[in-house]
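The values are calculated or read from the model by the stated rules, or taken from the named source; none is laboratory data. Note that the structure is a prediction, hence the values are computed from the model and not measured. Positions of Cβ are generated from backbone atoms using ideal geometry, with glycine treated the same way; all protein chains shown enter the neighbour counts. Quick note on the areas: whole protein, heavy atoms, side chains included, nothing else; ligands and nucleic acids left out. Shrake-Rupley method; radii C 1.70, N 1.55, O 1.52, S 1.80 Å.
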Amino acid sequence: KKAEIIIDKYFLTGSVDKRIYGSFIEHLGRAVYGGIYQEGLASSDEQGFRKDTLELVKELEVPIVRYPGGNFVSGFHWEDSVGPKALRPARTDLAWRVIETNQFGLNEFADWSKKAGSEMMMAVNLGTRGPEDAKNLLEYCNFEGGTYYSDLRKSHGYAKPHDIKLWCLGNEMDGKWQMGHKTAGEYGRIASETARMMKWLDPEIETVACGSSSLTMPTFGDWEYQVLDECYDEVDYLSLHQYYGNRSDDTADFLACSKGMDDFISGVVSICDAVKAKKHGGKNINLSFDEWNVWYHSNEQDKEIKAWDQAPHQLEDVYNFEDALLVGSMLITMLRHADRVKVACLAQLVNVIAPIMTSDTGAWRQTIFYPYMHASVYGKGTVLMTQIKAPVYESRTYGTVSTLDCVCIWDEEAEAVTIFAVNKDLEDDAEVSCDFRQFEGYQVEEHIVLTHDDMKAVNTEAAPDTVSPIHSEASKLENGIFSTVFGRHSWNVVRLV
Ligand code: AHR
């Protein structure tokens, strides 16, 4: 089937904020213990950080990592996680009904982030705690010295501040499952007061208010409006969270979920702008899509987990090939909104609904690792408004959906254009063309493809490369016209330089 991509170098969506390729480490399951940190393992370094995991994280070029939750943060006492390890208390974590030993904490995460080449995105507890503790945590992290909490940090061996620039004001406060869950009015007030105090202490930080936990929350819309109505002046971003699953084994419908994500983003942008208009505001509230992924494979097995275990196998989704296609489409969707989506975190990074899995004997790449890595490594520059003419199909949940998801990114300085595309057609290849005459002198550098005959194929420790990228020779640029074939059900990266 034929399709066309239409771009114009004067029609730009916006520049890509590198933080759109962020990820997330929560104290949950084996994300921390056994994931990024495992003392005593031959492949761990002197701090107990797993070197095999670090290598894969570095391959992903993760610019920023959200920490320490998630639901966990709503009961977190950060003071438990710093200072001499022998003195740190073990605590019950009510979010996941496990024991948290605190052997890995805030300062270890700062060290690990440096080794990974990532910045930190820190969350404060607005569930069981409030502005005072958030302010103390910020003082511990960012204040130079000469005060109680900054000197406490120094006494723990960290002379220099961690200088964390981006702060989440709690997590999913609209959800009944959240410790200290609140109404929109209650949360908006506490978010506003917390951010105000934090910015008095460090005016350089940015803050993220909690939006709805998903588009399907009954309070969606009202929640966003009321929260922002309270804290518009004090916050910079509003969060979105969304997970998808193929529970009814309908691949076409599952792949259509990116349309749901697109509608979600457009809706939240509209609400942010409505509040801005009402307040005669001078700034845009941008979006932090700080939890997104596929999550459903592990739901049943997680029902078997016994309470008060330590770092159990939890939320360990084993991702298949079709999950990688949707993850690619979700990345494309967020990039198409790069003017407003400035931060996003693939939830999560290691073992827990993650692109990287570990065992005591190694670490490997799940299928979703690849589109995430390709986007993070190659998706730099300015998003070109990318029009697509392609066949459509009827999906059960999302109505009429394009078979082709695509975005083009222009790195003017490096003189490179990258095309990311997912052909969702389960039967037919797409023969695609694009008038490329404005980009004189460019040539096809490479065309990377992720595809597999079996939509349910997975990567395991024993067979880690079952689903892995290959190179295609299908892309050509002749007389200013780009032409290619995006094979049926495939993720494609075409680089023109
Ligand atoms: O990422 C897993 C969990 O999903 C997070 O803890 C929570 O914020 C969300 O519900």
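So that you can scan it fast, the table gives a plain yes or no per residue for (1) open to solvent by 10 Å² or more (accessible area, probe 1.4 Å); (2) under 19 Å from the mean Cα position of the chain (by Cα); (3) more than 16 Å from the ligand (Cβ to nearest atom):
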| site | (1), (2), (3) |
| --- | --- |
| Tyr187 | no, no, no |
| Asp202 | yes, no, yes |
| Asp229 | yes, no, yes |
| Ser248 | yes, no, yes |
| Phe264 | no, yes, no |
| Ile271 | yes, no, yes |
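Please find, within region 90-127, the residue that is nearest to Ile20 (Cα to Cα) out of those that are assigned to a loop (DSSP other than H, G, I, E, B) and within 18 Å of the chain's Cα centre (by Cα). Talk me through it step by step, then tell me what you get.
Filtering region 90-127 for residues assigned to a loop (DSSP other than H, G, I, E, B) gives 90, 94-97, 101-105, 117-118, 125-127.
Subsequent filtering for residues that are within 18 Å of the chain's Cα centre (by Cα) retains 117-118.
Details: Gly117: 15, Ser118: 13 Å.
The residue in question is Ser118.
Filter region 297-337 down to the residues that are at positive phi and in contact with a Gly (Cβ under 7 Å, 6 or more places away or on another chain), then identify the one that is least open to solvent (accessible area, probe 1.4 Å). Spell out how you get there, then give the answer.
Within region 297-337, the subset at positive phi is 308, 311, 315.
From the residues that got through so far, the ones that are in contact with a Gly (Cβ under 7 Å, 6 or more places away or on another chain) too are 311, 315.
Working: Ala311: 30, Leu315: 7 Å².
The extreme case among them is Leu315.
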Suppose we keep only residues that are open to solvent by 20 Å² or more (accessible area, probe 1.4 Å) and either over 16 Å from Glu224 (Cα atoms) or among the β-branched types (Val, Ile, Thr) (or both) within region 282-295. Which one would you say is farthest from the ligand (Cβ to nearest atom)?
Gly282
Conditions (1) in contact (Cβ under 8 Å) with a residue 24 or more places away in the chain; (2) within 19 Å of Ser213 (Cβ to Cβ) -> Gly328 fails only (2)
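Which residue is nearest to Tyr319 (Cα to Cα), if the candidates are limited to region 450-473 and must be among the charged types (D, E, K, R) and open to solvent by 80 Å² or more (accessible area, probe 1.4 Å)?
Keep residues of region 450-473 that are among the charged types (D, E, K, R), which gives 453-454, 456, 461, 465, 473.
Next, only the ones that are open to solvent by 80 Å² or more (accessible area, probe 1.4 Å) stay: 453, 456, 465, 473.
On the way: Asp453: 15, Lys456: 8, Asp465: 13, Glu473: 28 Å.
Out of the qualifying residues, it is Lys456.
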Among the residues of region 12-25, are any part of a loop (DSSP other than H, G, I, E, B), within 16 Å of the ligand (Cβ to nearest atom) and open to solvent by less than 40 Å² (accessible area, probe 1.4 Å)?
yes
Identify, by number, the condition in (1) part of a helix (DSSP H, G or I); (2) farther than 23 Å from Gly69 by Cα; (3) in contact with an Asp or Glu (Cβ under 9 Å, 6 or more places away or on another chain); (4) open to solvent by 10 Å² or more (accessible area, probe 1.4 Å) that Lys276 doesn't meet.
(3)
Being among the acidic types (Asp, Glu), at pLDDT 95 or above and part of a loop (DSSP other than H, G, I, E, B), is that true of even one residue in region 477-496?
no
Could you tell me which numbered condition Glu144 fails, if it satisfies all but one of (1) open to solvent by 10 Å² or more (accessible area, probe 1.4 Å); (2) without any contact (Cβ under 8 Å) to a residue 60 or more places away in the chain; (3) under 17 Å from Leu349 (Cα atoms)?
(3)
Just to be sure, is Asp411 more than 16 Å from the ligand (Cβ to nearest atom), free of Cβ contacts under 8 Å to residues at least 60 places away in the same chain and either out of contact with any strand residue (DSSP E or B) (no Cβ under 6 Å at 6 or more places or on another chain) or among the hydrophobic types (A, V, I, L, M, F, W, C) (or both)?
yes
So for region 209-226 (the condition being modelled with pLDDT of 95 or more, open to solvent by 10 Å² or more (accessible area, probe 1.4 Å), farther than 17 Å from Leu287 by Cβ and assigned to a helix (DSSP H, G or I)), does at least one residue qualify?
yes
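Which strands (runs of 3 or more DSSP E) sit wholly inside region 348-442 and have at least 1 residues that are under 19 Å from the mean Cα position of the chain (by Cα)? Break it down into steps so the answer makes sense when it comes.
Working: elements: 356-359, 362-365, 382-384, 387-389, 392-395, 399-402, 404-411, 416-423, 430-435.
The qualifying strands (runs of 3 or more DSSP E) are 356-359, 362-365, 382-384, 404-411, 416-423.
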Out of region 38-84, which residues are more than 16 Å from the ligand (Cβ to nearest atom), closer than 30 Å to Lys182 by Cα and assigned to a loop (DSSP other than H, G, I, E, B)?
His77, Val82
Among the candidates Val407, Val422, which residue alone is among the hydrophobic types (A, V, I, L, M, F, W, C), at pLDDT 95 or above and within 18 Å of Gly381 (Cα to Cα)?
Val407
